[in-house]
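The values are calculated or read from the model by the stated rules, or taken from the named source; none is laboratory data. Computed from a predicted structure; not experimentally measured. Cβ: placed from backbone, ideal geometry, glycine included. Neighbour counts: every protein chain shown.
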Amino acid sequence: MSTELYYFSGTGNSFYVAKELHKRIPDASLIPIVSLLHQDVIQTHGQSVGIVFPVHALTIPIAVKRFLKKTDMKSAEYVFAVATRLGIIFSSFHRMEKLLKRKNKRLDAHFILNMSST
C-alpha cells in the first residue's frame, strides 16, 4: 500500500511531524502542499493520503483548504489528518470532512498533537 504525506508548515513543527511519520511509514512520499498550489488540479497517487498541518486561528490553514479544494483523491482508500497546535482550541476536522465529502471521500482518522512552545 502506497502512502502520500502532504504537509503544510510555517514554523517547522508540522514539517517535523511529517518527517517523523515518513520515517515510520516505509513506502511514504513526503510532499509539501505549497509546492502544488499553482496547479489547477492536484492528483493523488497513494492508496493512503495523510495531511499534516498546524492549527491557524483555531481552524485549518488557508493553504490546506485550497489544497483540499483542488485535490482529486480518486486513488485514496484511506485519508487521515494530523493537526499540530500549541495547546489552542481546534475542532475543525468537520470542515475537512465537508471538503472531502464533495469529492466522495471521508476523513478516516484524525489526530491532534500538542507541540511544546519552549
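Remarks
- Candidates are the residues of the stretch 69-102 that are outside any strand (DSSP E or B) and hydroxyl-bearing (Ser, Thr, Tyr); the one that is surrounded by the fewest Cβ atoms within 10 Å (Cβ to Cβ) is Ser91.
- Hits in the stretch 1-52 - residues which are over 19 Å from Lys103 (Cβ atoms), touching a strand residue (DSSP E or B) at 6+ places or on another chain (Cβ under 6 Å) and among the hydroxyl-bearing types (Ser, Thr, Tyr): Tyr7, Ser14, Ser29
Every residue, every condition in (1) of a type in the set (Val, Ile, Thr); (2) under 14 Å from Gly50 (Cα atoms); (3) in contact with a Phe, Trp or Tyr (Cβ under 8 Å, 6 or more places away or on another chain), yes or no:
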position: Tyr78; (1), (2), (3): no, yes, no
position: Arg85; (1), (2), (3): no, no, no
position: Arg95; (1), (2), (3): no, no, no
position: Leu100; (1), (2), (3): no, yes, no
position: Asn104; (1), (2), (3): no, no, no
position: Asp108; (1), (2), (3): no, yes, yes
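- The stretch 77-99 - residue that is at pLDDT 95 or above, within 13 Å of the chain's Cα centre (by Cα) and not β-branched (Val, Ile, Thr) and, of those, farthest from Asn13 (Cα to Cα): Tyr78
- For the stretch 45-68, filtered to residues that are of a type in the set (A, V, I, L, M, F, W, C) and in a loop (DSSP other than H, G, I, E, B), the residue that is surrounded by the most Cβ atoms within 10 Å (Cβ to Cβ) is Ile60.
- Meets criteria (among the aliphatic types (A, V, I, L, M) and assigned to a loop (DSSP other than H, G, I, E, B)) for Leu107: yes
- Screening the stretch 1-44 for residues that are hydrophobic (A, V, I, L, M, F, W, C) and assigned to a strand (DSSP E or B) and picking the one that is farthest from Leu113 (Cα to Cα) gives Ile42.
- In the set (1) aromatic (Phe, Trp, Tyr); (2) touching a Phe, Trp or Tyr at 6+ places or on another chain (Cβ under 8 Å); (3) within 17 Å of Met115 (Cβ to Cβ), the condition left unmet by Phe67 is number (3).
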